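Okay, structure first, notes after.
Each reported figure results from applying straightforward, stated rules to the coordinates on display, with no laboratory input. Bear in mind that the values here come from a model prediction, so they are computed numbers and not experimental data. Cβ atoms come from the backbone with ideal geometry, glycine included; neighbour counts cover every protein chain shown.
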Amino acid sequence: MPRSLAIGAVKLAVLTTAPAVKGALSLAGDLTTANAKDLSDNILKSSYTLGATGADKVSEPSLAATTNSSVPGMSNYNADMEFFRYLDGSGKSVTLEDVPFTTFTGKGLRFWLVERKGPQSTVAFTAADVCDVYEVLTDDPRPPKDYASYLKFGQLFHVQTVWNRVVVAA
């Protein structure tokens, strides 16, 4: 079996309402085009960070212990990315394409990021897809790292809960 390239093979969507069942996704309910906004073509690939960064270490050996071993504690996650802006000739947002800017409008807003790796990002979600779901709160939108090319804005998310390897139901 050949290795899989990451070229165009990550799909990220934002759910504007919570999944009907925590830890589960439904194609007919949660991943409808009305609720799941595809962000894949809006993200600067080199800025995309979403996932675990390692757990806190708990090290509380007993008096009789001969090593200072540790066990994994609370998990930590990072969710940070830059989004392309889509503006018309007068500098106004093109609503149908400027989805991240018109969705992530302030600090403390709750969303669910759904990430699928495998099929091309242009392929719609299907039943039996395996996805990770991140419940997040937005931080303040921030300026891009540079203005040397396309207009962008940065967005940091605070991960609240994660459901890994969720199989999409019909």
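A compact table of results
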| quantity | calculated |
| --- | --- |
| Among 67, 103, 122, residue whose mean-square fluctuation peaks in a GNM of the chain (springs only between Cα atoms under 10 Å) | 67 |
| Kirkwood Rh and Cα Rg combined as Rg/Rh, the range 68-159 | 1.06 |
| Proportion of all alpha-carbon pairs of the range 30-87 beyond 18 Å (%) | 62 percent |
| Loop sites in the range 14-107: trypsin sites (Lys or Arg not before Pro), DSSP, at most 10 other Cβ within 10 Å | 22, 92 |
| Stretchable slack from residue 9 to residue 49, in nm (0.36 nm times residue separation minus alpha-carbon distance) | 12.9 nm |
| Reachable lysines, given that their alpha-carbon falls under 27 Å from the alpha-carbon of residue 117 and they are not under 8 places away in the same chain | 11, 22, 37, 45, 145, 152 |
| Cα gyration tensor category, rounded, prolate or oblate, for the range 118-170 with a/c compared to 1.5 | oblate |
| Normalised contact order of the chain, rounded percent, pairs of Cα under 8 Å and 6 or more residues apart | 27 percent |
| Percentage, to the nearest whole number, of Cα pairs in the chain over 30 Å apart | 25 percent |
| Under 9 Å, Cβ to Cβ, from residue 114 - net charge with Lys/Arg +1 and Asp/Glu -1 | -1 |
| In nm, spacing of pseudo-spin labels at residue 24 and residue 71 (7 Å Cα→C-beta vector) | 3.1 nm |
| For a label point 7 Å along the Cα-to-beta-carbon line of residue 57, residues of the range 67-83 with backbone N under 19 Å | 67-77 |
